[in-house]
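The values are calculated or read from the model by the stated rules, or taken from the named source; none is laboratory data. Remember, predicted model here, so these are calculated numbers, not experimental data. Don't worry about glycine lacking a Cβ; one is built from the backbone with ideal geometry, like all the others, and counts go over all protein chains shown.
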Amino acid sequence: MAKRHSDRRGPPASGLEICPDYRCFWSLNFAIRRDTFFGCGGFDERYTGYGGEDTDFGKVLHQAGIPIAWMKGGLAYHQYHPHHMPPVHHLDSVVRNAELFEAKWGYRTMGHWLYAFKVMGLIDDTPDRPIRILRRPEVGDFTLTGQQSHQPYSNSASVIRFLEARGTAATA
């Protein structure tokens, strides 16, 4: 199935298009010369589990002045597997990796996931303090965040919109 992800832009109609936003780097589908990859240090292997490693590498490329670009025909087909967005099933590693990113770059990444976790009552992410996990995800959290039959992928934005409309955000 070829379905454009609602949170990711597609490739340009022709040629290459430089992307000025390093957060667009996605290791699901990229190409880089070996010398360039190792010359900038490659992936930071301190990131474990899920989350943050792509944004970190994009930031490394940006800091090194290495542009990233979209390329016509640069499609990625992802094998289906049940998934959750925000990734409540990876709560611990998202929290750990957000704090690693903050220690390295001075701010937290994965803000949309952290915000969703906060609205769900899973974490306290008060600035200038370590993120605290308040509770473990429960069945209702997995039901809310699970991949829906009308989407070939899960979507954090739809979960956040639902929670905000329900008024959960106002009480979190």
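Mind counting the residues in the stretch 40-57 that are surrounded by 15 or more Cβ atoms within 10 Å (Cβ to Cβ), assigned to a loop (DSSP other than H, G, I, E, B) and under 20 Å from the mean Cα position of the chain (by Cα)? Can you show your working first?
Taking the stretch 40-57 and keeping what is surrounded by 15 or more Cβ atoms within 10 Å (Cβ to Cβ), we get 40, 44, 47, 49-57.
Remaining after also requiring assigned to a loop (DSSP other than H, G, I, E, B): 40, 44, 47, 49-52.
Those still in the list that are under 20 Å from the mean Cα position of the chain (by Cα) too: 44, 47, 49-52.
Going through the stretch 40-57 one residue at a time, the tally reaches 6.
If I ask for residues that are more than 17 Å from Gly121 (Cα to Cα) and either of a type in the set (Val, Ile, Thr) or touching a helix residue (DSSP H, G or I) at 6+ places or on another chain (Cβ under 8 Å) (or both), which ones from the stretch 84-97 would you list?
Of everything in the stretch 84-97, just one residue is more than 17 Å from Gly121 (Cα to Cα) and either of a type in the set (Val, Ile, Thr) or touching a helix residue (DSSP H, G or I) at 6+ places or on another chain (Cβ under 8 Å) (or both), namely Asn97.
Just name the residue that is nearest to Ala157 (Cα to Cα) out of those in the stretch 98-133 that are surrounded by fewer than 18 Cβ atoms within 10 Å (Cβ to Cβ) and among the hydrophobic types (A, V, I, L, M, F, W, C).
Here the residue is Ile133.
Tell me yes or no: at least one residue of the stretch 139-153 is modelled with pLDDT of 95 or more, aliphatic (A, V, I, L, M) and under 15 Å from Gly51 (Cα atoms).
No, that holds for no residue.
Assuming Phe37 fulfils every condition listed in (1) loosely packed, with under 11 Cβ neighbours inside 10 Å; (2) without any contact (Cβ under 8 Å) to a residue 24 or more places away in the chain apart from one, which condition is it?
In the conditions (1) loosely packed, with under 11 Cβ neighbours inside 10 Å; (2) without any contact (Cβ under 8 Å) to a residue 24 or more places away in the chain, Phe37 misses (1) alone.
Can you tell me how many residues within the stretch 46-77 are of a type in the set (D, E, K, R), over 14 Å from Ile32 (Cβ atoms) and without any contact (Cβ under 8 Å) to a residue 60 or more places away in the chain?
4
Report, by residue number, each residue of the stretch 120-146 that is out of contact with any His (no Cβ under 8 Å at 6 or more places or on another chain) and under 11 Å from Pro86 (Cα atoms). Break it down into steps so the answer makes sense when it comes.
Initial filter on the stretch 120-146 (out of contact with any His (no Cβ under 8 Å at 6 or more places or on another chain)): 120-136, 138-141, 143-144.
Listed by number, the residues that qualify are Met120, Asp141, Leu144.
Assigned to a helix (DSSP H, G or I), out of contact with any Phe, Trp or Tyr (no Cβ under 7 Å at 6 or more places or on another chain) and not aromatic (Phe, Trp, Tyr), is that true of Arg23?
yes
Can you pull out every residue in the stretch 71-87 that is in a loop (DSSP other than H, G, I, E, B) and more than 12 Å from the chain's Cα centre (by Cα)?
Selection gives Lys72, Gly73, Gly74, Leu75, Ala76, Tyr77, His78, Gln79, Tyr80, His81, Pro82, His83.
Identify the residue in the stretch 88-118 that is touching a residue at least 40 places away in the same chain (Cβ under 8 Å) and outside any helix (DSSP H, G or I) and, among all such residues, is farthest from Phe142 (Cα to Cα). So that I can check it myself, show each step before the final result.
First, pick out the residues of the stretch 88-118 that are touching a residue at least 40 places away in the same chain (Cβ under 8 Å): 88-94, 96-98, 100-101, 104-105, 109-110, 112-113, 115-116, 118.
Those left that are additionally outside any helix (DSSP H, G or I): 109-110.
On the way: Thr109: 22, Met110: 19 Å.
Of everything passing the filter in the stretch 88-118, Thr109 is farthest from Phe142 (Cα to Cα).
Name the one entry in Val60, Val95 that is assigned by TED's automatic domain parsing to the domain that holds Ile160, β-branched (Val, Ile, Thr) and surrounded by 15 or more Cβ atoms within 10 Å (Cβ to Cβ). Talk me through it step by step, then tell me what you get.
Details: Val60 fails: assigned by TED's automatic domain parsing to the domain that holds Ile160.
Of the residues listed, the single one that is assigned by TED's automatic domain parsing to the domain that holds Ile160, β-branched (Val, Ile, Thr) and surrounded by 15 or more Cβ atoms within 10 Å (Cβ to Cβ) is Val95.
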